[in-house]
1. About the Cα centre of the chain, how large is the charge dipole given +1 on each Lys and Arg Cβ and -1 on each Asp and Glu Cβ? Please answer in debye to the nearest 20.
2. For I701 and A757, what does the FRET efficiency come to when R0 = 22 Å and r is the distance between their Cβ atoms, rounded to the nearest 0.05?
3. For region 584-721, just say rounded, prolate or oblate: build the C-alpha gyration tensor, square-root its eigenvalues into a ≥ b ≥ c, call rounded for a/c under 1.5, and beyond that prolate if a/b exceeds b/c, oblate if not.
4. Could you point to the residue in Q212, L74, L325 farthest towards the positive end of the chain's charge dipole, with +1 and -1 charges on the Cβ of Lys/Arg and Asp/Glu respectively?
5. On a 0 to 90 degree scale, rounded to 10, what angle separates helix 392-404 from the longest Cα axis of the chain?
6. For region 652-662, in order, what is each residue's ³J(HN,Hα) by Karplus, 6.51 cos²θ - 1.76 cosθ + 1.60 with θ = phi - 60°, in whole Hz (x at glycine and Pro)?
7. Quick one: go through region 652-685 and flag any residue whose amide nitrogen is under 16 Å from the point 7 Å out along the Cα-to-Cβ line of F592.
8. Quick one: L535, L405, fewest Cβ neighbours within 10 Å first, how do they rank?
Amino acid sequence: MTNSKFSAFIALIAFTFLATLLAEPLAAQEGAAQAKDDLRIQFIEVEGSQRVEAETVRSYMILKPGMTADPVLLDQSLKSMFASGLFADVTIRRERGGLIVTVVENPIVNRVIFEGNDKLDDDDLYEESSLRPRQVYTRSKIQNDVEKFVELYRRSGRFSAKVEPKVIQLPQNRVDVVFEIEEGETTRVRSINFIGNERFDDDRLREEISTQESRWWRFLSSNDKYDPDRIAYDSDLLRRFYLSKGYADFRVISSFAELTRDGKEFFVTFNVEEGDKYQFGESVIDTSLKDVNIKELEQLIRHRTGRVYNSKKVDDTVDDLTEALGSKGYAFADVRPRVRRNRKDLIVNITYRVQEGPRVYVERINVNNNVRTQDRVVRREMFLREGDAFNRALLNKSERNIKALNFFSEVEITETPGDDEDSVILDIDVEEQSTGELAFGIGYSSVENLSTQFSIVERNLLGRGQLLSLSTSISSQRTFLNLRFAEPYFLNRDLFGSVDLFRTTSDYDTEAALETSETGIGGSIGFPVAEDARLNVFVRLSENELINDAYTPQFGAYLRPFTELKAQFGYSYTIDKRDDVIDPTEGWDFIFSQNIATPLGDVTYVKTTVVADYYRPFFEEWIFHAKLSGGIVGDYEDEGISYNDNFFVGGSIIRGFKRSGIGPRDIDTDYVLGAKQYLVGTLETKVPLGIPKDFGIKTYIFTDFGVIGKTDVAATNVRDDLAFRASYGLTFNWKSPFGPVRFDLARPIAEEEYDSAQFFRFTAGTRF
């Protein structure tokens with residue numbers, strides 16, 4: 001082989017080798033392209049769907065026709081379809097260049113059934129359920145419902161409750177869902193203990209919390225059932241109590257409950273840290289607002305240097321300052337107290353920083369969930385209107401006003417941003433409750449013996465906030481019947497208007513051999529004249545009758561039987577600054593009233609009465625109460641005062657004497673004649689006996705004193721003077737499970753020989 005041929009041969013071999021090397025990547029690329037075409041999804045076919053359209057099934061797929069069958073996307077598609085809640089099972093397989101999606105649809109709920117429930121009715125459980133007829137059934141929904149039902153029973157004190165769900169298959173892929181419930185016994189609180197308390201013992205702290213220990217006498221209470229939410233609320237109550245007593249560093253370290261071995265009761269323990277007792281130190285107001293009189297604002301501070309620290313007084317001061325500044329044109333004033341504790345001297349210095357807050361206006365007010373009550377009934381209790389500057393203090397007062405209506409079991413006002421940056425939307429969420437009441441009562445007293453009461457009341461007539469009531473009371477000495485209609489916003493203004501039809505009969509057989517009756521109609525209008533003051537104006541037209549079967553001429557015209565027409569006009573002015581209307585512990589109130597019988601009737605007189613009360617706490621749970629009351633009646637046409645228009649004092653006014661046991665009296669017949677004027681005072685102190693608060697027993701020591709006299713009867717046998725009377729004694733008030741009970745034990749220490757004393761006085765009653 002020549003060199004040229006050899007060279008050509010070598011070149012041929014090299015070319016062939018090189019061509020082979022170049023051909024392999026090209027073949028690999030062609031193979032990869034062919035493989036990718038084989039994995040490309042040509043179509044997606046749906047099998048097994050009944051209610052759900054095939055296109056709807058495809059919409060839940062991440063993979064679409066034309067895409068490569070990526071395993072990651074295939075897994076995501078499966079998860080997306082299960083997450084829809086429409087399918088009980090899903091499988092995806094590759095076939096004929098496409099995907100075959102086979103689904104098993106979840107069934108449709110036909111009915112939701114509860115069995116075994118007695119303490120909680122079906123409506124309560126159904127409200128908590130996420131399953132509804134004609135909705136898709138899923139396992140997650142039924143599991144969630146079981147958890148909700150168990151929690152609902154736990155909140156009602158039944159921790160051993162069990163809920164077992166069962167699914168009954170029906171034709172056409174429908175199911176009945178049955179919850180079999182075993183409610184179990186009520187889990188009560190055996191004992192409540194405290195750790196770390198030294199200033200107040202366990203019994204005292206138990207009185208301040210809502211949870212109670214299970215005892216036989218609490219059979220009408222539900223607060224002895226274990227409720228974890230109530231325990232959390234009790235921690236806050238303990239904090240409020242200690243902060244009101246000066247313990248500014250107080251904290252609840254922990255609260256826990258331990259179930260007994262039989263699973264029927266809990267041991268509840270609060271671990272607390274009391275800290276030291278503080279007093280108020282320096283209190284100042286720091287403001288950047290112009291034209292603000294700091295001296296005037298300082299008068300609104302409710303606490304003084306040297307007094308025991310009380311956080312509630314700080315909160316009240318913030319509200320007062322905010323409201324006062326708002327009334328002066330600073331609607332956006334922001335009052336923030338800066339509390340500085342001096343742990344060395346145990347004093348709390350407070351600086352109230354008053355600044356211009358963000359300008360926020362009320363865009364809209366929504367009233368939600370009121371089915372029966374009209375929106376305007378709720379809106380008129382608001383101190384804020386659309387377009388007003390937002391004020392936190394006024395919002396809080398509005399919420400208290402709505403709650404005070406007693407039309408709703410729950411009231412909550414929430415704030416959400418409005419359409420503009422400087423606007424806010426107020427949502428008033430309410431939960432309505434029954435406003436009708438049908439009551440029958442039985443009472444007994446040492447004066448009137450057995451008495452009965454009946455009443456039917458609707459406090460929210462037709463959802464308009466109006467009141468309609470019919471009440472009657474019958475005893476051995478008095479019968480009363482009254483029909484009342486009241487409109488709290490008469491003429492769409494803050495005017496409380498009412499109309500009454502009434503009839504009253506009184507038998508004075510123990511004081512005098514006579515009877516009186518009054519039948520008539522009356523109306524009144526009341527309105528506020530200040531924050532804590534109201535004026536009430538009334539008119540009344542009535543026919544009055546006196547029956548005296550034992551009339552003798554010695555009394556002249558005074559006790560002669562008569563029938564007369566009485567046309568009255570009157571008013572009352574009330575100031576109430578007490579901390580609580582029902583059970584006050586601090587503050588004062590004042591009532592001034594006048595009743596004028598006009599010449600339009602047969603009698604003419606002016607009757608004036610005054611009542612003032614003062615309450616002041618001292619020591620622990622000791623409450624001092626002072627009361628002064630008086631009255632005077634006079635005839636401005638010199639025709640004399642009728643018997644039943646006089647004052648009769650005794651009984652509950654000056655304890656230790658019978659009803660009408662003091663005052664002018666005919667000593668020959670022992671007739672009580674009534675008086676034209678009186679002045680009575682009371683000094684009373686509530687004395688704690690160490691009895692748990694839930695017993696409902698309150699004890700008072702008292703002294704009553706006063707004068708009463710002046711009558712139109714002029715005879716030698718009539719005793720009439722303004723002699724001083726006084727008594728002392730004990731009063732026991734018991735808020736029993738069956739109704740209020742009161743015992744008065746009193747002794748006169750200053751009396752006249754013709755007075756009628758009464759050592760023991762008893763009243764009791766119940767309603768059902």
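Read-outs: derived from the displayed coordinates by stated rules, not from any lab. Computed from a predicted structure; not experimentally measured. Here the Cβ is made from the backbone with ideal geometry for all residues, glycine too, and neighbour counts use every protein chain on show.
1. Rounded to the nearest 20 debye, it is 1840 debye.
2. Efficiency computed from Cβ-Cβ geometry: 0.70.
3. On the way: a/c = 3.27, a/b = 1.90, b/c = 1.72.
The shape class here is prolate.
4. With unit charges placed on the Cβ atoms, the residue in question is L74.
5. Relative to the chain, helix 392-404 is tipped by roughly 70 degrees.
6. Rounded to whole hertz, the list is 7, 7, 10, 5, x, 10, 5, 4, 6, x, 10.
7. So the set is empty, nothing qualifies.
8. The fewest-first ordering by Cβ neighbours comes to L535, L405.
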